[in-house]
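Inspection log for the structure reproduced underneath, given as structure tokens.
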Amino acid sequence: MRSVRRLAEIFALISCCFIGAACKRGASATSEGAEPAPTVEHRNGKVVVPDGSPLRQRIEVQPVALQPVERHIVAPSTVEAEPTRLAKIAPPLTGRIVKLFIHFGDAVKAGAPLFTIDSPDLVAAQSDYLKAKSSSAQAERNVARQKDLVEHGIGAQRELEQAQTDRDTAASELERTKTRLGLLGVGAGNVGGPLTVRSPIAGRIIELSTAPGQYQNDPASILMIVADLSDVWVTANIQEKDIRRVHQGDDAVATFSAYPGESFAGKVLFVGDLLDPETRTIKVRIAFDNPDSRLKPGMFATVSFHSKAVREMVVPAAAVVIVGDKSHVFFETAPWEFERRAIEVGDQVGDQFVVTKGLEVGQRIVTSNAVLLP
């Protein structure tokens, strides 16, 4: 009896296993036969995201809006001395340098003597002045004599008039020679010595290329340069596409390889008017205070411009889909119904694109995972 009961339990267990396996096969068959929910549907050239589509959880739709956009422009630059504070000293005439009053690196005031030069041309100019001065004095005496003769009835009126003409001519010649000496920097009371050349501005001797006793026969040669470097210019080359974003008075920040980790703040002094046809750049000059003369003419710099914020139409980069060589967005025509539309984009600012054509403010577009829509 016990054996029969044991066989009955084993048979019941085997039956349950067969029934469970059959139920599992039936359930699996039912699952394999079910149709999965579609991700998207195409209707009349539009993309529809139906109910139950997983894309409804992954894409976002938002209206297009204007946002303040501030652009960051970086340009290579060089340091320059301000032209109005830079004097290149050339010899006013050919001659020999007699004495130097300065040394390289010296600070000088406006009007301070720089050097003296002795020249045959200076001697000739001084000699002409002395002769003209003597002739003028003689002509004055002759006029006085002829006037006295006429008053006493001895002289002729014609001779008096001729004496007056000679006096005027002599006076004109004296004025000419005096003006010539003035142009050379020699006063009428300093005739007879070498010419002293003085500094036209206050500054520092940043270049010196002459010495006492040296003969200068080229009036165009530069003997020394006096510069006031308390303020300098940094000239940046701005690309043609960025010209409209840089304006006079804008803030700028410069960095120099000579001073890593430091930045110098300045303002745009002016924007040039001529475009370089070869590099397609325009020069923009920025003024920088330089009280310690740390910025030297010729240094290389990198200047960053922060343009004023302008409200523009922008879309997230995730909303733009590139098809071929054109940019597109998915424009909402009805809830969860979209149409692909070509747009024109401008600059990329951070993770956004500026839209220049193809959209209007308030229109709703897919702003994230647009690439998932076929």
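Sub-8 Å Cβ pairs linking a first residue in segment 248-267 that is basic (Lys, Arg) to a second residue that is modelled with pLDDT under 90, at least 6 apart or interchain, are Lys267/Gly249; Lys267/Asp250; Lys267/Asp251, ordered by first then second residue. In segment 148-158, the condition of being of a type in the set (D, E, K, R) and either closer than 20 Å to Ala110 by Cα or in contact (Cβ under 8 Å) with a residue 12 or more places away in the chain (or both) is met by no residue. Has segment 107-115 got any residue that is without any contact (Cβ under 8 Å) to a residue 40 or more places away in the chain, under 44 Å from the mean Cα position of the chain (by Cα) and under 30 Å from Ser293 (Cα atoms)? Within segment 107-115, not a single residue is without any contact (Cβ under 8 Å) to a residue 40 or more places away in the chain, under 44 Å from the mean Cα position of the chain (by Cα) and under 30 Å from Ser293 (Cα atoms). Restricting Val314, Val303, Val271 to residues that are within 11 Å of the chain's Cα centre (by Cα) and buried (at least 19 other Cβ atoms within 10 Å of the Cβ) narrows the list to Val303.
Going by what's in this entry, would Gly213 be described as farther than 22 Å from Ala81 by Cα, assigned by TED's automatic domain parsing to the domain that holds Pro113 and either in a strand (DSSP E or B) or in contact (Cβ under 8 Å) with a residue 12 or more places away in the chain (or both)? Considered against the rule, which asks whether it is farther than 22 Å from Ala81 by Cα, assigned by TED's automatic domain parsing to the domain that holds Pro113 and either in a strand (DSSP E or B) or in contact (Cβ under 8 Å) with a residue 12 or more places away in the chain (or both), Gly213 comes out as yes. Before we move on, is Ala137 crowded, with 18+ Cβ neighbours inside 10 Å and either in a helix (DSSP H, G or I) or assigned by TED's automatic domain parsing to the domain that holds Lys241 (or both)? No: the conditions fail for Ala137.
Considering (1) within 13 Å of the chain's Cα centre (by Cα); (2) more than 30 Å from Thr367 (Cβ to Cβ), the lone condition that Gly298 does not fulfil carries the number (1). Condition test on Ser263, is it in the same structural domain as Gly298 (by TED's automatic domain parsing), among the polar types (S, T, N, Q) and surrounded by 13 or more Cβ atoms within 10 Å (Cβ to Cβ)? Against the criterion (in the same structural domain as Gly298 (by TED's automatic domain parsing), among the polar types (S, T, N, Q) and surrounded by 13 or more Cβ atoms within 10 Å (Cβ to Cβ)), Ser263 does not qualify. For the residues Leu174, Leu130, the requirement of being touching a residue at least 12 places away in the same chain (Cβ under 8 Å) and either buried (at least 16 other Cβ atoms within 10 Å of the Cβ) or assigned to a strand (DSSP E or B) (or both) singles out Leu174.
Selection over segment 177-192 of residues that are touching a residue at least 60 places away in the same chain (Cβ under 8 Å) and surrounded by 12 or more Cβ atoms within 10 Å (Cβ to Cβ) gives a count of 4. Consider Arg158 carefully, then state whether it is part of a helix (DSSP H, G or I) and of a type outside the set (Gly, Ala, Ser). The answer is yes for Arg158. Being over 34 Å from the mean Cα position of the chain (by Cα), among the aromatic types (Phe, Trp, Tyr) and either surrounded by fewer than 16 Cβ atoms within 10 Å (Cβ to Cβ) or outside any loop (DSSP other than H, G, I, E, B) (or both) is the requirement here; does Phe330 meet it? The answer is yes for Phe330.
The values are calculated or read from the model by the stated rules, or taken from the named source; none is laboratory data. As the structure is a computational prediction, the values presented were derived from the model and not from experiment. Positions of Cβ are backbone-derived with ideal geometry, glycine not excepted, and every protein chain shown enters the neighbour counts.
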